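Have a look at the structure below before the remarks.
Rule-based calculations on the coordinates, nothing more; no lab input. In this text the structure is predicted, and so the values were computed from the model without any measurement. Methodologically, a virtual Cβ is constructed for each residue, glycine included, from the backbone with ideal geometry; neighbour enumeration extends over all protein chains shown.
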Amino acid sequence: MTITATSLSFSYGPKQALNDVNFTLEKGQFHALLGPNGAGKSTLFALITRLIALQNGDIKIDQQSIKTQPASAMKRIGVVFQQSTLDLDLTVQQNLLYHASLHGITTSTAKSRIKHELTRMDMMDRANEKIRSLNGGHRRRVEIARALLHEPEILLLDEPTVGLDPQTRRSLNAYVRKLCLEQNLTVLWATHLMEEIELTDPVILLHQGSVLINALASALVEQSGYQNLTDAFHHLTEKDDLGVNR
């Protein structure tokens, strides 16, 4: 399952958030969407998920445009947003059952899928706990489980590890990578944390709304002339005191 973005541009009034963005996400791969805060990552996610309408350009899911075939395209996508959208006063299972009902999944099927997702996330023993009693890492696991209930072929994660401790960040990152291998899931993982990226990952580097680099992380490092991804990222996206890219 591929996603292809073509000539995407978007502005909030006079502010240009995205400018002629083009890329393709290949089936079954973990793709990293990198960029400093304000680079346009969240706007891109909002466009792919149709939270905001396209202004210019198109996004296709296996050649199905989200403009002309939105229902069919959206069925194939699971999303974990940066801000949690779980109901704090419902239990883990109640949150997941509610989400499943929105997708038209029968209760019996939903319960079976919920058990499967929570078991492989080592969360089944928390199924009847209220969300507000869970820590940040466990809440993120519930959100990933929720995003997978309708069995999507594409998983989008917008800064999914914000506010989590390093060990939990590594655990979630490793889990999502495992999904790519086991389920041939296409993943777009947005982050500004270089430790979440491997040199073999395809990377889309956004800066000020434009794609600076669309290549393997190793190529990004090589192009920058630096020795590691962190230094390469900062070199490519830093500004001088006047706000001009160096």
Placing one identical point scatterer on every Cα of the stretch 26-119 and ignoring solvent, what is log10 I(q)/I(0) from the Debye formula at q = 0.11, 0.13 Å⁻¹? -0.45, -0.63
From the Cα centre of the stretch 110-137 to that of the stretch 15-56, the distance in Å is 30 Å
Only bridges whose two residues both fall in the chain count here: according to DSSP, what percent of them are antiparallel, nearest 5? 55 percent
Test of understanding: extend the Cα→C-beta vector of Arg132 to 7 Å, then name every residue of the stretch 70-97 with backbone N under 18 Å from that spot. 84-96
Taking 0.36 nm per intervening residue step and subtracting the Cα-Cα distance, what contour gain separates Ser101 from Lys27 on full extension? 23.9 nm
When the Karplus curve 6.51 cos²θ - 1.76 cosθ + 1.60 is applied with θ = phi - 60°, which whole-Hz ³J(HN,Hα) does each residue of the stretch 135-150 get, with x for Gly and Pro? 7, x, x, 5, 5, 5, 4, 5, 5, 5, 4, 4, 5, 9, 4, 8
Residue-wise HN-Hα coupling along the stretch 68-83, computed from phi with Karplus coefficients 6.51, -1.76, 1.60 (Hz; x: Gly, Pro): 9, 9, x, 4, 5, 5, 5, 4, 8, 10, x, 9, 10, 7, 4, 8
Using θ = phi - 60° and Karplus 6.51 cos²θ - 1.76 cosθ + 1.60, couplings along the stretch 164-178 (whole Hz; Gly, Pro as x): 9, 6, x, 5, 5, 4, 4, 5, 5, 4, 5, 5, 5, 4, 5
Cα centroid of the stretch 166-192 to Cα centroid of the stretch 83-97, whole Å: 22 Å
Lysine pairs in the chain with Cα distance under 19 Å, only those 8 or more apart or on different chains: how many are there? 12
Could you tell me how many degrees, from 0 to 90 and to the nearest 10, lie between the Cα long axis of helix 107-120 and the main elongation axis, the longest principal axis, of the Cα atoms of the chain? 60 degrees
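How big is the dipole moment of the chain about its Cα centre under a simple scheme where the beta carbon of each Lys and Arg is +1, that of each Asp and Glu is -1, and everything else is neutral? Debye, nearest 20, please. Could the numbers behind the result be given before it?
Working: 25 positive and 26 negative charges, 174 e Å.
Computed about the Cα centre, the dipole is about 840 debye.
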